[in-house]
Amino acid sequence: MPNLNHLFVTGSVEGQDFRSPLSVRAKPPPDRDRNNHGNRLLTQLQAVATQIARLTQIRAAAGAPVHQGVAIALEISPRGTLDPGKQLEWKRDGIEVLSVVETPNADIVSVYVPPGKLGAFERRVREYLTEENPPRREGQEPKPKNARLINAISSIRRAAFAEFWTDKDPPPDENQSAVFQIWLRLGTATPGEAHAAFLEAAEMLQIAAEDGYLTFPGRVVVAVSTTRAVLEQAIDLLDLVAEIRRASLPAEFLLSDLRPFEQVEWARDMTARMIVTPADQNPPRIALLDTGVNHGHPLLGPLLDPADLHSVLNAWDTTDHTGHGSGMAGLALHGDLRTPLVSIEPHVVPHRLESVKILPDAGANLPHLYGWTCDEAVRLVEQARVNTTRTFAMMTTVIGATAGWPSEWSASIDRLAFGLRGPSTNSLDMPTMRGDAQDTQPRLFVLAAGNISWPKWTSYPGQNDLEPIEDPGQAWNALTVGAYTDLVDFDHDRWPDLRPIASSGSLSPVSRTSLLWSDRWPVKPDVVAEGGNGSVDGAAIPQVIVGPEDLRLVTTSHEPARALLAESGDTSAAAAEVARICAHLQARYPTYWPETIRALVVQGASYTKAMRSDQGIVPTQANRRTLIRRYGHGRVSIESSLNSALNRPTMIQQETIVPYVLEGSAYRLGRMNIHNLPWPKTELEQLGEAEVSLKITLSYFIQPNPSRRGWHSKFRYQSHGFRFAVRGAGETEQRFHQRINDIKRDEMGDDREDSMPDPDNEGWLLRRTLRSQGSLHSDTWYGLASELANKSEIAVFPVGGWWKELADRTQANRRVRYALVVSLDVSIIADVDIYTPIANQIVVPVGLA
């Protein structure tokens, strides 16, 4: 059966009004003894006022500015009683929420109080003690004024280091040297002014601050080397500190040499069969952010121009001294080399490579603002080669578990993907929300999920579910790649005591998952690709072997003078393969957006039999959650992502939608889009009871807001969100539109399970709750062809985000792009053609691959 181009559909979007969502009320505050509680808070406020007076003297003695504010900590108990963004940000008084730290029984909300404005709290407490609100209904008792606010606050104190520390792991000991990220509030200052003020205080305290800084909505991020004790002094002297986090060290890479075996002859033969797109035709490029690449390798040099070799710091060379970057380069260009090396067929490479060295050689200084590093890497390649389609691939992660929360690194990648970047090497300012203009087109990023150290492989697969994906793999807008394996065969005569750890089609022993993350955070990994396997011996206490070599991938060596080939694997190799798929897609479909390429990678992925073996005959919601948070949307396939078939056509739409509109002085959700796709209704009805499937992927990029201030209302991480819904098999057009208009969404922008019941819900693999996280949503419906004949309408509609809440910092009626990819699969019936009936309804010419 021939491979066909996908069908690009235009002109089938119909705007529909969408009703405003219903809000979900916060938990009610506890009833408290009015006099005792109010007077206790007044006493605590008086103690804070005394501390502020003493702090003013300390600042004066140190030569620091005296006319500064202070941070205070409010203990909100029980948790979730208040929305900090709505109830604790008082613009008239200049009160600003700095951070929210969750404890088992309370939310600790740190707020900035400008000079002389502590009285704003005292006034509200006194009103609580002396004034009452009139009852809403006849017969009700009047309630104290501000009761909902004051009853939720169990205590007030001056914020200390513990309140500024927002990392999941505990802070270092008081006098232990460490590298920290300092998140500064902007206030009314420019990013440059806030950065300069911090540097002045840092110099006074002999804090070593690194060059460069990052800007997010309302925040500037810097990296410093110091102790916790010194930082506590900085908090006293400077009122700009909003959060403090740990800066992590990069993970170790694993690479061992593969024994040479006629390597030169193989490489020469493969090079002679290579079909390469000439550089003057500006083919797509993979920008590899790694340890550098050695250009002299015969399988790399023809595809890597010397002008495309960069390093983020001028003091570094561009050479790969560790081998990781050169190994990833070979995989990103050629895939696992064992296939093209032994083949006799032409080897087509439609893309080229760029290299940015983001990690130093041994003994060199290491930057700790990785977002700054990524900004620099992007700037270097985009300035060197403009108007080029590219995929950014990065396999570096940081050691340690994540909870799914955004970091400065993951948020920087989300920001870059959205289309924002700092303007220079020394001040990496993101255009603030006051301007909020995209400086480039959105960017496509492919990231590795991070690796589990090989001694832990003896606990496979249970250990994988306990090892969360590493930073920055939680980035919403990136394609995060985990590892599976099909490599199970090796020479048992040579290795009689070894057995492979993972079975064919299963999770690789090295791959991390997001099962321990809250469902608030995106599904990661997004997909999995080949990452190799390991083996164990037959000892009473099994020993792990990384290999034998047949269980690893073959790639290019960084020392071609010694050996041309080396082994590789892990989630790094898997990410390199996905980057290669992206580049092939960009070469085949040059007009497709990064959002669309990301969607096509997911659309082509599928679950193996081994992956679905734990699902049972009737999968539970827990089974489905394990499936997607372990494997993402499944194993990638370059053929399925690139091609349609007569019995498996794929339709693609690239559209825009307005998430929020301004009506008078209020922001409301924009209209939904209804996609009426060219559907082979007659052909599907003729198939009757045949089993078919419908897969839908919705992809878009959000603008991040990573400051840890509770993730609610205007402090949500995502600027906006979209969801999709499909017309039911038995629904009329009118009933479908009514169902979508009746959706009720909570303040996090997620659908409630009962808010829009889908009549075909049982046929979906993941269902609404599991497919609603992040900015990439994909699901597959299974049913009968006669039922699928009526499911030609798909609604795409906006849900909440911080753009709507920060109405003064963004533009109303701003259009945002999304890609919608739809595949019909009747491949169980080999000789059916439903591709042609769809193609005949589309004006755009369709050609054979």
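Might you let me know whether the stretch 325-334 holds any residue that is of a type in the set (G, A, S) and touching a Gly at 6+ places or on another chain (Cβ under 6 Å)?
Yes, the stretch 325-334 contains at least one residue that is of a type in the set (G, A, S) and touching a Gly at 6+ places or on another chain (Cβ under 6 Å).
The set of residues from the stretch 652-665 being open to solvent by 20 Å² or more (accessible area, probe 1.4 Å) and within 30 Å of the chain's Cα centre (by Cα) comprises Q654, E655, T656, V658, V661, L662. Of all residues in the stretch 578-625, those that are farther than 26 Å from F701 by Cβ, in contact (Cβ under 8 Å) with a residue 60 or more places away in the chain, open to solvent by 40 Å² or more (accessible area, probe 1.4 Å) and within 24 Å of the chain's Cα centre (by Cα) total 1.
Residues of the stretch 188-203 that are open to solvent by less than 20 Å² (accessible area, probe 1.4 Å) and under 19 Å from Y112 (Cβ atoms): P191, A194, F198, A201. Taking (1) farther than 29 Å from S719 by Cα; (2) in contact with a Pro (Cβ under 7 Å, 6 or more places away or on another chain); (3) surrounded by 14 or more Cβ atoms within 10 Å (Cβ to Cβ) in turn, E141 satisfies each apart from (3).
Name the residues in the stretch 214-237 that are β-branched (V, I, T) and either in contact with a helix residue (DSSP H, G or I) (Cβ under 6 Å, 6 or more places away or on another chain) or in a strand (DSSP E or B) (or both), would you? Don't jump to the end; show me each part of the working.
Applying the first criterion (β-branched (V, I, T)) to the stretch 214-237 yields 215, 220-222, 224, 226-227, 230, 235.
Of everything in the stretch 214-237, those that are β-branched (V, I, T) and either in contact with a helix residue (DSSP H, G or I) (Cβ under 6 Å, 6 or more places away or on another chain) or in a strand (DSSP E or B) (or both) turn out to be T215, V220, V221, V222, V224, T226, T227.
Can you pull out the residues in the stretch 135-179 that are under 18 Å from V111 (Cβ atoms) and out of contact with any strand residue (DSSP E or B) (no Cβ under 9 Å at 6 or more places or on another chain)? Of everything in the stretch 135-179, those that are under 18 Å from V111 (Cβ atoms) and out of contact with any strand residue (DSSP E or B) (no Cβ under 9 Å at 6 or more places or on another chain) turn out to be R148, L149.
Every residue, every condition in (1) surrounded by 23 or more Cβ atoms within 10 Å (Cβ to Cβ); (2) at pLDDT below 95, yes or no:
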residue: L684; (1), (2): yes, yes
residue: E689; (1), (2): no, yes
residue: K695; (1), (2): yes, no
residue: P704; (1), (2): yes, yes
residue: S707; (1), (2): yes, yes
residue: S713; (1), (2): no, yes
residue: R727; (1), (2): yes, yes
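Would you point out which residue out of R185, R157, R123 is closer than 20 Å to G94 by Cα, crowded, with 19+ Cβ neighbours inside 10 Å and of a type in the set (D, E, K, R)? When all the criteria are applied, what remains is R185.
In the stretch 623-633 there is no residue matching the filter, namely being more than 23 Å from Y484 (Cβ to Cβ), among the small types (G, A, S) and either in contact with a strand residue (DSSP E or B) (Cβ under 8 Å, 6 or more places away or on another chain) or at pLDDT 95 or above (or both). Tell me, please, whether a residue that is open to solvent by less than 10 Å² (accessible area, probe 1.4 Å), part of a loop (DSSP other than H, G, I, E, B), closer than 30 Å to I702 by Cα and among the charged types (D, E, K, R) can be found in the stretch 506-524. Within the stretch 506-524, one or more residues are open to solvent by less than 10 Å² (accessible area, probe 1.4 Å), part of a loop (DSSP other than H, G, I, E, B), closer than 30 Å to I702 by Cα and among the charged types (D, E, K, R).
How many of the residues in the stretch 338-363 are assigned to a loop (DSSP other than H, G, I, E, B), out of contact with any helix residue (DSSP H, G or I) (no Cβ under 6 Å at 6 or more places or on another chain) and on the phi < 0 side of the Ramachandran plot? Full working, then the answer.
Going through the stretch 338-363, the residues assigned to a loop (DSSP other than H, G, I, E, B) turn out to be 343-346, 350-351, 358-363.
Still in the running and out of contact with any helix residue (DSSP H, G or I) (no Cβ under 6 Å at 6 or more places or on another chain): 343-345, 359-363.
Now narrow it down to the ones that are on the phi < 0 side of the Ramachandran plot: 343-345, 359-362.
Result for the stretch 338-363: 7.
Exactly one residue among P115, P135 is at pLDDT below 90 and surrounded by fewer than 16 Cβ atoms within 10 Å (Cβ to Cβ), and that residue is P135.
State whether one or more residues within the stretch 108-118 are of a type outside the set (F, W, Y) and more than 24 Å from R709 (Cβ to Cβ). Explain how you work it out, then say what you get.
Taking the stretch 108-118 as the starting set, the residues that turn out to be of a type outside the set (F, W, Y) are 108-111, 113-118.
Subset that is more than 24 Å from R709 (Cβ to Cβ): none.
No, the stretch 108-118 contains no residue that is of a type outside the set (F, W, Y) and more than 24 Å from R709 (Cβ to Cβ).
Beta carbons closer than 6 Å, at least 6 apart along the sequence or on distinct chains, pair a first residue in the stretch 768-785 that is farther than 20 Å from V601 by Cα with a second that is of a type in the set (A, V, I, L, M, F, W, C) and assigned to a loop (DSSP other than H, G, I, E, B) for A785/A690.
If you go through the stretch 684-718 one residue at a time, how many are within 30 Å of L646 (Cα to Cα) and assigned to a helix (DSSP H, G or I)?
4
Just one residue in the set V527, V546, V536 is of a type in the set (A, V, I, L, M) and modelled with pLDDT of 95 or more; that residue is V527.
Kindly check whether there is at least one residue in the stretch 382-400 that is over 20 Å from the mean Cα position of the chain (by Cα), open to solvent by 30 Å² or more (accessible area, probe 1.4 Å) and within 30 Å of A178 (Cβ to Cβ).
Of all residues in the stretch 382-400, those over 20 Å from the mean Cα position of the chain (by Cα) come to 382-389.
After this cut, where a residue has to be open to solvent by 30 Å² or more (accessible area, probe 1.4 Å) as well, the list is 382-387, 389.
Now narrow it down to the ones that are within 30 Å of A178 (Cβ to Cβ): none.
Scanning the stretch 382-400, I find no residue that is over 20 Å from the mean Cα position of the chain (by Cα), open to solvent by 30 Å² or more (accessible area, probe 1.4 Å) and within 30 Å of A178 (Cβ to Cβ), so the answer is no.
Every residue, every condition in (1) open to solvent by 20 Å² or more (accessible area, probe 1.4 Å); (2) modelled with pLDDT of 90 or more, yes or no:
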{"residue": "E733", "(1), (2)": "yes, no"}
{"residue": "R739", "(1), (2)": "no, no"}
{"residue": "I743", "(1), (2)": "no, no"}
{"residue": "H777", "(1), (2)": "no, yes"}
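Can you find a residue that is under 23 Å from I541 (Cα atoms), assigned to a loop (DSSP other than H, G, I, E, B), among the aliphatic types (A, V, I, L, M) and at pLDDT 95 or above anywhere in the stretch 469-491? Checking the stretch 469-491: not a single residue is under 23 Å from I541 (Cα atoms), assigned to a loop (DSSP other than H, G, I, E, B), among the aliphatic types (A, V, I, L, M) and at pLDDT 95 or above. Across the stretch 469-505, the qualifying residues are those that are open to solvent by 10 Å² or more (accessible area, probe 1.4 Å) and closer than 17 Å to A574 by Cα, and the one among them that is nearest to the chain's Cα centre (by Cα) is D471.
Looking across the stretch 292-318, the residues that are over 30 Å from the mean Cα position of the chain (by Cα) and open to solvent by 30 Å² or more (accessible area, probe 1.4 Å) come down to H295, G296, P298, P302, D305, P306, A307, A315, D317.
The values are calculated or read from the model by the stated rules, or taken from the named source; none is laboratory data. Computed from a prediction, not measured in an experiment: that's the story for all the values here. Every residue, glycine as well, gets a Cβ built from its backbone with ideal geometry; the counts of neighbours run over all protein chains shown. Heads up: the accessible areas ignore ligands, DNA and RNA and are worked out on the full protein's heavy atoms, side chains in. Shrake-Rupley method; radii C 1.70, N 1.55, O 1.52, S 1.80 Å.
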